[in-house]
1. Taking the inverse of the average 1/r across all pairs of different Cα atoms in the range 172-219, what Kirkwood radius in Å do you get?
2. Amide H neighbours of ARG30 under 5 Å, at least 5 residues apart or on other chains, H built in the peptide plane: list them.
3. Hey, any idea what the orientation-averaged projected area of the convex hull of the range 1-96's Cα atoms comes to, in nm²?
4. What residue among ASP132, ASP101, ASP83 shows peak mean-square fluctuation when the chain is described by a Gaussian network model with Cα springs under 10 Å?
5. Once the Cα gyration tensor of the chain is diagonalised, what are the square roots of 5 times its eigenvalues, in whole Å and ordered largest first, as equivalent ellipsoid semi-axes?
6. Given the range 136-187 reduced to its alpha-carbon atoms as identical point scatterers, what log10 I(q)/I(0) does the Debye formula return at q = 0.21, 0.25, 0.31 Å⁻¹?
7. Ignoring everything except DSSP H segments at least 4 long, calculate the 222 nm mean residue ellipticity for the chain; use -39,500 (n - 2.57) per segment, divide by total residues, nearest 500.
8. Taking every pair of alpha-carbon atoms in the range 90-219, what share in percent sits in each 5 Å bin, from 0 to the bin with the longest distance?
Amino acid sequence: MKKILIIDDDVYIGDLLQELLSRNNYQIYRCYSGTEALLFLDTMTPDLILLDLMLPGMSGEAVLAKIKAIPVIVLSAKADINDKVELLYLGAADYMTKPFDTRELLARVAVQLRNEPPGPNAALVFKDLTLDPHTYQVHIKNQPVRLTKTEYAILKLLMTHPSQVNSKSTILDRIGEENDCMESSLKVHISNLRRKLREFSNEEYIEAVWGIGFKMKED
């Protein structure tokens with residue numbers, strides 16, 4: 001049973017979400033403030049987090065910035081596109097504006113859990129592209145693709161959550177220091193990576209999301 005953490009101080013909304021998700025066979029946990037949520041995450045790792053922004057004490061934005069390797073769907077009354085873009089930059093996997101349709105919420109939850117990354121040594125597969133974290137090898141249609149250390153790190157990050165847009169700052173935070181990648185060189189690394197993958201197939205595997213970052217290109 002997948003575990004979902006709801007971080008929302010609105011008891012009514014939290015109860016609605018808990019009832020809806022419990023009926024769909026998810027195990028639900030509740031936190032009512034940012035501080036409580038971070039303490040909870042020190043002891044347990046849920047499969048998905050539903051996060052409100054208007055929290056007592058620590059804001060939802062501050063909480064989001066501290067969450068690593070767990071998909072987060074932000075639920076907020078803020079509808080401005082700039083707010084959504086900023087939250088995607090901070091690492092949110094998805095964003096829904098309150099009030100929301102419960103059927104759409106269930107669909108988005110299912111998508112994020114379907115994209116849950118496998119174990120650290122399990123092969124990542126996207127279309128006919130395979131990345132093996134154990135051997136550090138990348139193949140397209142069983143043909144080996146030679147990548148630099150930085151190109152490999154970028155591809156692995158994008159393939160781990162193929163539907164999630166990774167901002168430039170997120171990519172640099174997660175792979176930059178270890179792989180000698182800086183903001184000035186990131187665009188070149190991604191351009192070279194896309195070119196190398198394209199040599200083995202007419203398929204375009206990585207797409208740029210204007211104003212936000214990069215993700216795997218889905219059909």
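The values are calculated or read from the model by the stated rules, or taken from the named source; none is laboratory data. Please read all numbers here as calculations on a predicted model, not as lab measurements. Neighbour counts are summed over all protein chains in view; Cβ atoms, including those assigned to glycine, are modelled from backbone coordinates with ideal geometry. Ligands, DNA and RNA are excluded from the accessible area calculation, which covers all protein heavy atoms including side chains. Shrake-Rupley method; radii C 1.70, N 1.55, O 1.52, S 1.80 Å.
1. Values: mean 1/r = 0.0843 Å⁻¹.
Hydrodynamic radius (Kirkwood, Cα pairs) of the range 172-219 is 11.9 Å.
2. Excluding prolines and chain starts, which carry no amide H, the hits are ILE6.
3. The Cα convex hull of the range 1-96, projected and averaged over all directions, gives 5.7 nm².
4. Fluctuation is largest for ASP101.
5. 33, 18, 16
6. The Cα Debye sum returns log10 ratios of -0.78, -1.00, -1.24.
7. Counting only the DSSP helices, I get -11500 deg cm²/dmol.
8. 2, 10, 19, 22, 20, 14, 7, 4, 2, 0
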